[in-house]
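To start, the structure itself, in structure tokens.
The values are calculated or read from the model by the stated rules, or taken from the named source; none is laboratory data. Fair warning: this is a prediction, and the values are worked out from it, not measured in the lab. Virtual Cβ from ideal backbone geometry, glycine too; neighbours counted across all protein chains shown.
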Amino acid sequence: MNTGGGRPGISPGSGRGLVQPGLNNRSPSPDRVRLQTATPIQSLGDQRQFSAVALTAWAQESHTQLQCVSIEVVFQGRNYVKTAEEKITEALDGLAIEIPSWGFANTGTRFGKYVQAEAATSIEEKFADAAQVHALTGASPTLALHVLWDLPHGVSDVPLIQDLQKKYGIRAGSINPNLFQRQEYKYGSICNPSAEIRKIAVDHLLDSVEIARRLDSQDVSLWIADGSNYPGTQNIPRRIGYLMEAMAATHARLGPKQRMLIEYKPFEPAFYHTDVADWGMALLLARHAGPKAFVLVDTGHHYQSQNIEQIVAWLLRERALGGFHFNDRRYADDDLTIGSIDPYQVFRIFHELLGDASGLQQTAFMIDQSHNLKGKLEAMVQTICNAQELFAKAALIDQERLAGLQEEARLVEAEECLRSAFWADVRPAVRAWRQSRGLPEDPLTALRTCGYLERIRKERSERNAVSVSSYA
Ligand code: AFD
Ligand code: MN
Ligand code: MN
């Protein structure tokens, strides 16, 4: 429930994948409409669903703006079943994917990088590229920012970002503190044995919260690279205490609408122990920090063959999932484009999310990729198109039928129910959706032919030729 600004009443929900059947284009009108809200409303009883009339009256009386997370329509005495096209349209209308500023810059591997003439060399160029990707896909209205790389002067860079937001029509998304590049962080940032160095790191976290607050960004996204390379060299339990202290201090500074997302990663850059190594540690840290702390799942941050959708199901159930960093991997944290190695896994993750409307609503979809070989913009557009197709496929899963089959343990039918949605060719419907929204039907071809790439290559090539290496 959003009790902040906005007109009292029921909004269809701004989250992704919300069920909003085509009420306007069906006639005669439905017999009955039932809505489910993001939060149960105690004063209306304990039921999970309410009639549209009761909800509207309550919302207006209590001056509340309600977020509706699902609508059940009873049409001519029967539950209205949406067509595949309607399901896909609803899914894509609600799908927003945040892209990372660093995905446009010259980044690569720790061994080196291949400099691209088109790579962004300034924060303004990153905003310009993000606007281009959004114009082609209609799905990336926000840009994740890395404080050290994008706001090197901290809070005093905020006005510059505000100008860029206005100029390019792209909002600043999650704010990513950098706790891994200062020389002081050799033995850790917020887990460093030195209180002085821990303070530098915590101050940076607090600055990041302030940057997010001034930019009206909801999420401060924490990746703690701390760890050690050799057994016995660091005191693990003591460092747990340091983590908790730093996170409590950061949580205490969050504004009413802000959240902190805690990302985990099993190894790299540390190779013996990493302080926040898995989702269990991240969840416990979030629980200790407070109600505005959530877990961030980076799909590349798991051991081989780990069941990520099961982790997602647990986090959803615990109301602890805050967001994703999507990318694909074959070996370690490879930062490849979504679904390039294992599209079925992305589909299975989307399936879990679509089965939990209010969990989905509070989950931020972000990309965390580093494009070393592919063109920066091409890779970004391709990744968004892949995500849209896989999300559309997952929206086709007949959740109700699947639940029935699971209940009766009809194994092969249940599996086929899932698989048939995965194998459905959604591309014509996705193209039709793009056309109906005034977007190019084929964003990748449009990118290649629109002239933007030629222009930026010409403008930036000289600057890129002398660019210095940076890790990402
Ligand atoms: C890291 C982590 C983290 C970080 C990013 C920086 O995934 O999200 O912000 O990459 O490039 O591996
Ligand atoms: Mn990440
Ligand atoms: Mn990563």
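The table below lists the values:
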| quantity | calculated |
| --- | --- |
| Restricting the range 352-368 to residues that are out of contact with any Gly (no Cβ under 9 Å at 6 or more places or on another chain) and within 15 Å of V297 (Cβ to Cβ), the residue that is farthest from ligand 1 (Cβ to nearest atom) | D356 |
| The range 78-102, residues that are closer than 16 Å to H146 by Cβ and either of a type in the set (S, T, N, Q) or at pLDDT below 95 (or both) | S101 |
| A414 more than 16 Å from ligand 1 (Cβ to nearest atom), outside any loop (DSSP other than H, G, I, E, B) and either buried (at least 18 other Cβ atoms within 10 Å of the Cβ) or among the β-branched types (V, I, T) (or both) | yes |
| Subset tally (residues that are under 14 Å from R319 (Cα atoms) and either among the hydrophobic types (A, V, I, L, M, F, W, C) or touching a Gly at 6+ places or on another chain (Cβ under 7 Å) (or both)) for the range 286-302 | 6 |
| Checking D342 against (1) free of Cβ contacts under 8 Å to residues at least 60 places away in the same chain; (2) touching a strand residue (DSSP E or B) at 6+ places or on another chain (Cβ under 7 Å); (3) closer than 27 Å to Q258 by Cα; (4) of a type in the set (D, E), the condition it does not meet | (3) |
| So N178, is it within 16 Å of ligand 3 (Cβ to nearest atom) and either outside any helix (DSSP H, G or I) or over 13 Å from V147 (Cα atoms) (or both) | yes |
| Top-ranked residue of the range 298-310 - restricted to ones that are more than 16 Å from the chain's Cα centre (by Cα) and within 16 Å of ligand 3 (Cβ to nearest atom), ranked as farthest from L285 (Cα to Cα) | Q304 |
| Boolean, D328 is within 16 Å of ligand 2 (Cβ to nearest atom) and either closer than 25 Å to M260 by Cα or in contact with a helix residue (DSSP H, G or I) (Cβ under 9 Å, 6 or more places away or on another chain) (or both) | yes |
| Looking only at the range 323-350, and only at residues there that are more than 16 Å from ligand 3 (Cβ to nearest atom) and not in a helix (DSSP H, G or I), the one that is surrounded by the most Cβ atoms within 10 Å (Cβ to Cβ) | G339 |
| Looking only at the range 339-386, and only at residues there that are more than 14 Å from the chain's Cα centre (by Cα) and aromatic (F, W, Y), the one that is nearest to I88 (Cα to Cα) | F347 |
| Every residue from the range 135-153 that is in a helix (DSSP H, G or I) and closer than 17 Å to W102 by Cα | V147, L148, W149, D150 |
| Selection count where residues are farther than 21 Å from A282 by Cβ, within 16 Å of ligand 1 (Cβ to nearest atom) and out of contact with any helix residue (DSSP H, G or I) (no Cβ under 6 Å at 6 or more places or on another chain), scope the range 335-351 | 1 |
| The range 311-322 - residue that is assigned to a loop (DSSP other than H, G, I, E, B) and under 16 Å from the mean Cα position of the chain (by Cα) and, of those, nearest to ligand 3 (Cβ to nearest atom) | A320 |
| Matching residues in the range 361-376 - criterion: being part of a loop (DSSP other than H, G, I, E, B) and within 16 Å of ligand 3 (Cβ to nearest atom) | D368, Q369, S370, H371, N372 |
| In the range 189-220, the residues that are more than 21 Å from R259 (Cβ to Cβ) and either of a type outside the set (G, A, S) or modelled with pLDDT under 95 (or both) | C191, N192, P193, E196, I197, R198, K199, I200 |
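Yes/no per residue for (1) of a type in the set (A, V, I, L, M, F, W, C); (2) more than 18 Å from the chain's Cα centre (by Cα); (3) part of a helix (DSSP H, G or I):
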position: E86; (1), (2), (3): no, yes, yes
position: T89; (1), (2), (3): no, yes, yes
position: I99; (1), (2), (3): yes, no, no
position: V115; (1), (2), (3): yes, yes, no
position: A120; (1), (2), (3): yes, yes, no
position: K126; (1), (2), (3): no, yes, yes
position: V158; (1), (2), (3): yes, yes, yes
position: D163; (1), (2), (3): no, yes, yes
